[in-house]
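Beneath this line is the structure, given in structure tokens, with notes to follow.
The values are calculated or read from the model by the stated rules, or taken from the named source; none is laboratory data. The structure displayed is predicted, hence computed values, not measured ones. Because the Cβ atoms are built from the backbone with ideal geometry, glycine has one as well, and the counts that use them run over all protein chains shown. All accessible areas refer to the heavy atoms of the entire protein, side chains included, with ligands and DNA or RNA removed. Shrake-Rupley method; radii C 1.70, N 1.55, O 1.52, S 1.80 Å.
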Amino acid sequence: MNRRKFIKNTLTGSAVIALSSGYQSIFAADQRVKLTILHTNDVHSRIDPFPVDDIKYAGMGGVAPRSALIKKIRQEEEHVLLFDAGDIFQGTPYFNFYGGEPEVKMMSLMGYDAGTMGNHDFDNGVEGFVKQLPHANFPILTANYDFSDTPLYGKTKPYQVFKKGRLKIGVYGVCIQLDGLVNKEQFGNTKYLDPIKKAQEIEAHLKSKEDCDMIICLSHLGYKYDTDKVSDVVLAQNTSYTDLIIGGHTHTFLPAPDNIPNKRGKKVIINQVGFAGINLGRLDFVFESKISGKMTYTSAVEPVKLFSNFNS
Ligand SMILES: [Zn+2]
């Protein structure tokens, strides 16, 4: 029995009349889901916008306009996820005075769904990061730092699965090698594990065991390098099921997401939106029926600007 017939058969006579002209579109609406992904990276303690006399970024960034922009998008869209790709800390006196507490509290208030760790998030040592975690109402995802011999043990997660409509979205985090980038006293006994190996392990789990419709990586590896150093591009080439890499670390302003073929020849979307909260990254995905498995997307770089959201 096909589904249309089944519904006809189970509805009462009057309900069939009421639905008879519109049930095709009800089916379409039931199967198609739109998912909006918003993201930041390397915000670096930029709570205030850049000064209005700044040569490059006059009046750009700032938590208040970012928060207003996120709120507006959340009012317009049903399914929204908000992520950060690391380096929350360091860059303004706010961090030097308050150790990251306002940054993390504001991210919680803005409704971040998850974040990962950047090298600068170790700037007050592992203990300094642990101290701010009670202010985070979102998980910190990192799959390739082994914290078992540090105070961060058990306080981060390798991945998290989110449910939006009928969709299951698996999100994991991969982070940069700390040796040579961060003082040993700051990262302590944190062990760096191969990000590609961990990514492959987790994406396979999210695909086969968790049955995710979409797999997202929050990465602080950096967009790409001239050397053979592992980057988002290298990660994309070496994975099989990751659909989107939200990157950070290299402060790259991508005008549009990059598309890199993975191990199976399928394109992986890579995006990064500069630094300092100047822009909010936005990707709108449309998932057609589960059977077709078709997914399309549009992207936008949303500038975060003082008063820009208060025009009306
Ligand atoms: Zn970094």
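Worth pointing out:
- Answer residue from the range 199-238, given it is in a loop (DSSP other than H, G, I, E, B) and among the β-branched types (Val, Ile, Thr) and is farthest from ASP121 (Cα to Cα) among those: THR227
- For LYS163: the one exception among (1) crowded, with 16+ Cβ neighbours inside 10 Å; (2) away from the ligand (no atom under 15 Å from the Cβ); (3) within 16 Å of the chain's Cα centre (by Cα): (1)
- Residue match in the range 237-246 (condition: in contact (Cβ under 8 Å) with a residue 40 or more places away in the chain, in contact with an Asp or Glu (Cβ under 6 Å, 6 or more places away or on another chain) and open to solvent by 50 Å² or more (accessible area, probe 1.4 Å)): no
- Here the range 132-157 is the region considered, the condition is being open to solvent by 20 Å² or more (accessible area, probe 1.4 Å) and touching an Asp or Glu at 6+ places or on another chain (Cβ under 8 Å), and the residue that is nearest to GLY115 (Cα to Cα) is HIS135.
- Residue in the range 271-278 that is open to solvent by 20 Å² or more (accessible area, probe 1.4 Å), modelled with pLDDT of 95 or more and of a type in the set (Val, Ile, Thr) present: no
- Qualifying residue in the range 288-304 (condition: buried (at least 20 other Cβ atoms within 10 Å of the Cβ), in contact with a Leu (Cβ under 9 Å, 6 or more places away or on another chain), closer than 29 Å to ILE47 by Cβ and not aromatic (Phe, Trp, Tyr)): yes
- Exclusive hit being in contact (Cβ under 8 Å) with a residue 12 or more places away in the chain, under 20 Å from the mean Cα position of the chain (by Cα), in the same structural domain as TYR223 (by TED's automatic domain parsing) and over 24 Å from LEU283 (Cα atoms), set PHE83, PHE129: PHE129
- Whichever residue in the range 100-131 is open to solvent by 30 Å² or more (accessible area, probe 1.4 Å) and within 16 Å of the ligand (Cβ to nearest atom) and, among such residues, is farthest from GLY173 (Cα to Cα): ASN124
- Residue list for the range 140-182, filter: part of a loop (DSSP other than H, G, I, E, B) and hydroxyl-bearing (Ser, Thr, Tyr): THR142, SER148, THR150, TYR153, THR156
- Test: residue in the range 243-255 that is outside any strand (DSSP E or B) and of a type in the set (D, E, K, R): yes
- Residue within the range 182-205 that is more than 23 Å from LYS267 (Cβ to Cβ), of a type in the set (A, V, I, L, M), open to solvent by less than 60 Å² (accessible area, probe 1.4 Å) and within 16 Å of the ligand (Cβ to nearest atom) present: yes
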